[in-house]
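As structure tokens, the structure follows; a few thoughts come after it.
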Amino acid sequence: MFVRTERLFLRPGWPEDVDELVDAISDEAVQRNLGVGELPRSTHAMRDYLTRPRDPRLPHFFMYLRTPGGPKLVGGIGLGRIEDDVELGYWIAPSHRGRGFAREAVRAVLAQARTLGHRRVVASHFADNPATRNVLEETGFADSGTERERFSQGRGMPVRARIYVANLEAMPFQYAARDLSLQA
């Protein structure tokens, strides 16, 4: 599955991406705010991660900025399961933060989630990460008023995370992503 937005191309990771992905994900600023466990930091672990079977209703994408000089890795985004919920998580490489890429990708993945039949998506942010809170609020998530303790591999300890909910049935998507799904 592939999704194209105004500036980004969201796609699965490919074998030729391994070194670039390991470099980007190994950044401590990226690892610090991950609430879903540590992403692979070695070439071998990344190859395993990329070849792992995925639930087609819970896609994982890497975000690439479309540029005249070729694509540039911006970050990653995907859907997963936490308890009975579908959860959205993302990361942005530090050199690409503050440029609206997270908002653009979150909107596209929420539109894709609705297309895949999901009615509700949750997301969370650590209290010391207001940028993620802002992205969630600006893309249609509402503060649930609850918190959950999440283990942060990058911090090496549990951290309180605020839970946000997007009701996809009620959301008017301002942004329509183009699904470029390719079926094998």
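Among 23, 84, 128, what's the order by accessible area (1.4 angstrom probe), most exposed first?
Ranked list, largest accessible area first: 84, 23, 128.
Report the one residue of 82, 53, 142 whose Cα lies farthest in the direction of the positive end of the charge dipole of the chain (charges on C-beta: Lys and Arg +1, Asp and Glu -1; origin at the Cα centre).
Going by the Cα projections, it comes out as 142.
Have a look at 122, 74, 22 and tell me which one the Gaussian network model of the chain (Cα, springs below 10 Å) gives the largest fluctuation.
22
7 Å from Cα along Cα→Cβ at both residue 66 and residue 44: what's the point-to-point distance in nm?
About 3.9 nm, to one decimal.
Be a star and scan the stretch 132-147 for residues whose amide nitrogen sits under 20 Å from the point 7 Å along the Cα-to-Cβ vector of residue 169.
140-144
Rolling a 1.4 angstrom probe over the protein chains, ignoring ligands and nucleic acids, what is the accessible area of residue 43 in square angstrom, nearest 10?
50 Å²
Can you tell me the FRET efficiency between residue 7 and residue 115 if r is taken as the Cβ-Cβ distance and R0 is 25 Å, rounded to the nearest 0.05?
Efficiency, rounded to the nearest 0.05: 0.75.
For the stretch 101-160, what % of the accessible area comes from carbon and sulfur atoms, probe 1.4 Å?
44 percent
At 1.4 Å probe radius, can you tell me the per residue accessible area of the chain in Å²?
51 Å²
Counting Lys and Arg as +1 and Asp and Glu as -1, each charge on the Cβ, what is the dipole of the chain about the Cα centre in debye, to the nearest 20?
Here the chain has a charge dipole of around 340 debye.
Could you tell me whether the stretch 1-53 comes out rounded, prolate or oblate from its Cα gyration tensor? Rule is a ≥ b ≥ c as square roots of the eigenvalues, rounded for a/c under 1.5, then prolate if a/b exceeds b/c, otherwise oblate.
In terms of gyration-tensor shape, oblate.
Say the dipole of the chain comes from +1 at the beta carbon of Lys and Arg and -1 at that of Asp and Glu; which of 22, 43, 63 then lies farthest toward its positive end?
It is 63, whose Cα lies furthest towards the positive end.
The values are calculated or read from the model by the stated rules, or taken from the named source; none is laboratory data. These numbers were taken from a predicted model, which means no experiment stands behind them. Glycine gets a Cβ as well: all are built from the backbone with ideal geometry, and neighbour counts include every protein chain shown. Note: accessible area is taken over every heavy atom of the protein model, side chains too, but ligands, DNA and RNA are not part of it. Shrake-Rupley method; radii C 1.70, N 1.55, O 1.52, S 1.80 Å.
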